[in-house]
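Here the structure comes first, spelled out in structure tokens, and everything after it is commentary.
The values are calculated or read from the model by the stated rules, or taken from the named source; none is laboratory data. Only a predicted model underlies this, so the values are computations on that prediction, with no experimental measurement involved. Counting neighbours? That spans all protein chains shown, and the Cβs are built from the backbone with ideal geometry, glycine included. SASA here: full protein model, heavy atoms, side chains in, ligands and nucleic acids out. Shrake-Rupley method; radii C 1.70, N 1.55, O 1.52, S 1.80 Å.
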Amino acid sequence: MSEQPKPLELVTVAPPPVEQRVRRDAHFALPGEKRTRYSLPTALDSGSPVGYRARVGLTAAEGREALQLLSLQAPSGFGPVEPLPEAELFEETALGLLSSRQSTNYRGQRQVSFGPDDSATIAGILRSMTGVDGPGEGPVLDHASYTHVILSRPYRTPFTLLLTFVGHKPIRSLMSVPVRAVRKRLLHENDIPTIGYLQQLHLGILADTMERAVIIASQGRRRAQIFQAPFCGRARGRNAGAIARLERMCKLGVEDRSVGWQVAMVVQVGAALDEERVVFESPGLWRKLGATLLAFRSERIQPGVNNEAKAPPQYHTRQDMDVPEAFTIQAGRAAYNAFARWTGFDRERAKDLLLLDRVDVLTAGGKERLRKIRDKLGTITDRVVAEIPKWADVPLAKALSRNAERGRKAFALAGQRIYIAGLSAPEVEAAGLDWDLAVRAVGAAACRGALYAELMGVVEMPEDCDLLAGICMMAGPVNQDDIGKTHFGMPDLLADNAGFARRDPTSLLVWTLKAKTIADPIGNEEQLLNAARKGALVDLRPAPHEVVSVASGGRLQPMRARAGKHNRERAFADVENFVRDAEGIEIPGNRGEPWPEDWRAELVWGC
């Protein structure tokens, strides 16, 4: 197990002068007015527990208390098995699988939840597995009240479809494109390495997220023990028999396996020991935290820097505010703590293994370096567009090259502090750490560093601000850079840093920190919730029954699918942080409908 995490300190962002404070203040389109992504949605018809939410401000005292959740260690044991009301499982899942931050919200993860009896069986399976007591893993615990088995599939989106046509020679492409497509379909091969890494990054993000979700949904009464190493790399092959048993419990069929679904993680959940309970002095903070976590979104726009010309006036003016140096230090500390937690290394060794580069536009040379990165990524896009096979692009009315052009937005970098995270494969191997597990730890590090920034961005937030700081987590720049590495012989993004260039770096993820008071257009959220306006590179946020199943009596029941009804409840709705217009009018359907109270109160496994 890793050493105690380094304590995190509260560092806030000072708001700008009152005259510079602006909010999104979106409104419903007037009759005859064309709706844009800056207009409020006309309605919401979704089974997602998220909806359109606004951030909830925290006091400084509440912010300090919340920081406990960013310095967790694995539990050493569980108390006696406790019953679980359905409502608490719903809110835990809402904060976990159903809202875990992902670069494109692709539906690549599913959850099967088992009760106490099955949990004892799963504990026995875990104890038989290689790697279960390896780096970053806690012991398999008795008395789990329930257990989640997480299934994962390879990262596949319209972007990866486009990649099928990238990197081919003009004449050979007639054969090489179909061959690559077949190998992707049957063997789950990836066009470029970083696409394969995305599956692991998302799992690392989910692991770090679920550890907190369990605690928040139970108000500190439960803890989670998470197992990843047995399902990574070489250990996975050695554990094939045990994994097959888990797959049978999850009813994983031939069709699932054909598209790459597999068991990727196991999460034991049980009653927290008294000495390991997380306790808040402010009991209402649990609900506020749950609601504001559902409101956090990636923030792409820096006002006055990368706004669209057609954006409302409040997006056009720069604000006199920035991300303090002390703030970035704490965000980095949170990231290093997470990497140490999930790899099991001491903090200094973890800091050495995690390659974390900062492009800082607020210091000398930062703007020039950012411009160099943008130029490189633009050059790669130019080559991709120019070299897409014409025999495929022209019959599709150049849809492939147009989509490649649209992808520029996916790797547009804007922010006051920009981080590039990665690893050195030779150094990871020399450390005896499995590569897949290390990549997951990078995802967890990015997740936790970003969450520090988001939480501090609502501490002491004035009422005339949407936020004070936000982040944008991005895989697009790394994927685009990897196209350059794989097909055009270009160096890695991290190689631009002389300290990393000789370490054979592999960039994995980018996130940017922004100080601002106005949230991004609500259309960025609508593309995840409205099928009619779904973004080209994203999946819609799922309803519980679409990705979560509850096992009981040897059968799997989709969560919140009962008597012809499906979920319409929004988690933590009692906090009332629903988006409204300036007159206080809500988006129709955004508040959702409560699940029947007697069903919410039922014990999931009847004990």
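Where residues in the stretch 415-426 are open to solvent by 10 Å² or more (accessible area, probe 1.4 Å) and modelled with pLDDT of 95 or more, which of them is nearest to Asp25 (Cα to Cα)?
Out of the qualifying residues, it is Ala425.
For Asp598, are the conditions met, namely being more than 27 Å from the chain's Cα centre (by Cα) and either farther than 26 Å from Val81 by Cβ or not in a strand (DSSP E or B) (or both)?
For Asp598, the condition - more than 27 Å from the chain's Cα centre (by Cα) and either farther than 26 Å from Val81 by Cβ or not in a strand (DSSP E or B) (or both) - is met.
Picking from Ala14, Ala43, Ala54, which residue would you name as being touching a helix residue (DSSP H, G or I) at 6+ places or on another chain (Cβ under 9 Å) and in contact (Cβ under 8 Å) with a residue 40 or more places away in the chain?
Ala54
Which of the residues that make up the stretch 145-177 are aliphatic (A, V, I, L, M) and outside any helix (DSSP H, G or I)?
Val149, Ile150, Leu151, Val166, Ile171, listed by residue number.
Can you tell which of Glu429, Glu460, Glu454, Glu405 is open to solvent by 50 Å² or more (accessible area, probe 1.4 Å), touching a residue at least 12 places away in the same chain (Cβ under 8 Å) and either farther than 30 Å from Pro16 by Cα or in contact with a Phe, Trp or Tyr (Cβ under 9 Å, 6 or more places away or on another chain) (or both)?
Unique residue meeting the criteria: Glu405.
Only residues that are in contact with a strand residue (DSSP E or B) (Cβ under 6 Å, 6 or more places away or on another chain) and not charged (D, E, K, R): list them for the stretch 237-254, please.
Ile243, Leu246, Cys250
So, of the residues in the stretch 149-187 that are within 28 Å of Met210 (Cα to Cα), modelled with pLDDT under 95 and not basic (Lys, Arg), which turns out to be surrounded by the fewest Cβ atoms within 10 Å (Cβ to Cβ)?
Across the stretch 149-187, the extreme among qualifying residues is Pro158.
Considering only the stretch 293-314, how many residues are touching a helix residue (DSSP H, G or I) at 6+ places or on another chain (Cβ under 9 Å), without any contact (Cβ under 8 Å) to a residue 12 or more places away in the chain and open to solvent by 60 Å² or more (accessible area, probe 1.4 Å)?
0
From (1) modelled with pLDDT under 90; (2) touching an Asp or Glu at 6+ places or on another chain (Cβ under 9 Å); (3) charged (D, E, K, R), pick out the condition that doesn't hold for Asp346.
Failing condition for Asp346: (1).
Which of the residues that make up the stretch 315-327 are open to solvent by less than 40 Å² (accessible area, probe 1.4 Å), within 26 Å of Val11 (Cβ to Cβ) and outside any loop (DSSP other than H, G, I, E, B)?
Passing the criteria: only Phe327.
Go through the stretch 564-588 and report how many residues are within 20 Å of Glu546 (Cα to Cα), surrounded by fewer than 18 Cβ atoms within 10 Å (Cβ to Cβ) and in contact (Cβ under 8 Å) with a residue 60 or more places away in the chain.
The total comes to 1.
Let me confirm something: among Leu377, Leu362, Leu356, which residue is in contact (Cβ under 8 Å) with a residue 60 or more places away in the chain and either assigned to a loop (DSSP other than H, G, I, E, B) or open to solvent by less than 20 Å² (accessible area, probe 1.4 Å) (or both)?
The match here is Leu377.
Quick one: in the stretch 80-94, which of the residues that are open to solvent by less than 10 Å² (accessible area, probe 1.4 Å) and touching a Leu at 6+ places or on another chain (Cβ under 8 Å) is nearest to Val547 (Cα to Cα)?
Among residues in the stretch 80-94 that are open to solvent by less than 10 Å² (accessible area, probe 1.4 Å) and touching a Leu at 6+ places or on another chain (Cβ under 8 Å), the one nearest to Val547 (Cα to Cα) is Ala94.
Looking at the stretch 350-359 only, could you name the residues that are under 14 Å from Ala331 (Cα atoms) and of a type in the set (Asp, Glu)?
Asp357
Within the stretch 261-275, count every residue that is among the aromatic types (Phe, Trp, Tyr) and open to solvent by less than 10 Å² (accessible area, probe 1.4 Å).
Of the residues in the stretch 261-275, 0 are among the aromatic types (Phe, Trp, Tyr) and open to solvent by less than 10 Å² (accessible area, probe 1.4 Å).
Taking Asn190 as meeting all but one of (1) part of a helix (DSSP H, G or I); (2) modelled with pLDDT under 95, write down the number of the exception.
Looking at each condition in turn, Asn190 falls short on (1).
Return a yes/no flag: does the stretch 385-400 have any residue that is surrounded by 16 or more Cβ atoms within 10 Å (Cβ to Cβ), among the β-branched types (Val, Ile, Thr) and either outside any helix (DSSP H, G or I) or out of contact with any helix residue (DSSP H, G or I) (no Cβ under 7 Å at 6 or more places or on another chain) (or both).
Among the residues of the stretch 385-400, at least one is surrounded by 16 or more Cβ atoms within 10 Å (Cβ to Cβ), among the β-branched types (Val, Ile, Thr) and either outside any helix (DSSP H, G or I) or out of contact with any helix residue (DSSP H, G or I) (no Cβ under 7 Å at 6 or more places or on another chain) (or both), which makes the answer yes.
Give just the number: which of (1) within 16 Å of Ala446 (Cα to Cα); (2) at pLDDT below 95; (3) polar (S, T, N, Q) does Thr506 not satisfy?
Evaluating Thr506 over (1) within 16 Å of Ala446 (Cα to Cα); (2) at pLDDT below 95; (3) polar (S, T, N, Q) leaves (2) as the failure.
Could you give every pair whose Cβ atoms fall below 9 Å, whose first residue belongs to the stretch 548-563 and is touching a residue at least 12 places away in the same chain (Cβ under 8 Å), and whose second residue is of a type in the set (S, T, N, Q) and not in a strand (DSSP E or B), counting only separations of at least 6 or pairs across chains?
Cβ pairs passing all conditions: Val548/Thr93; Met559/Thr93; Met559/Asn567; Arg560/Asn567; Ala561/Asn567.
Among the numbered conditions (1) of a type in the set (D, E, K, R); (2) more than 23 Å from the chain's Cα centre (by Cα); (3) outside any helix (DSSP H, G or I), tell me where Glu429 comes up short.
If we test Glu429 against (1) of a type in the set (D, E, K, R); (2) more than 23 Å from the chain's Cα centre (by Cα); (3) outside any helix (DSSP H, G or I), just (3) comes out false.
Ile171 fails exactly one of the following numbered conditions: (1) under 24 Å from Val259 (Cβ atoms); (2) out of contact with any strand residue (DSSP E or B) (no Cβ under 9 Å at 6 or more places or on another chain). What is the number of that condition?
So the condition that Ile171 fails would be (1).
Within the stretch 484-507, restricting attention to residues that are of a type in the set (D, E, K, R), over 18 Å from Leu370 (Cβ atoms) and outside any helix (DSSP H, G or I), which residue is least open to solvent (accessible area, probe 1.4 Å)?
For the stretch 484-507, the residue satisfying everything is Arg503.
All but one of (1) part of a helix (DSSP H, G or I); (2) at pLDDT below 95 hold for Leu437, so report the exception by its number.
All conditions are met except number (2).
Being more than 27 Å from Gln4 (Cα to Cα) and modelled with pLDDT of 90 or more is true for just one of Thr317, Thr363. Which residue is that?
The unique qualifying residue is Thr317.
Of the residues Leu252, Leu206, Leu198, which is in a loop (DSSP other than H, G, I, E, B), open to solvent by less than 20 Å² (accessible area, probe 1.4 Å) and either of a type in the set (A, V, I, L, M) or at negative phi (or both)?
Being in a loop (DSSP other than H, G, I, E, B), open to solvent by less than 20 Å² (accessible area, probe 1.4 Å) and either of a type in the set (A, V, I, L, M) or at negative phi (or both) holds for just one of Leu252, Leu206, Leu198, which is Leu252.
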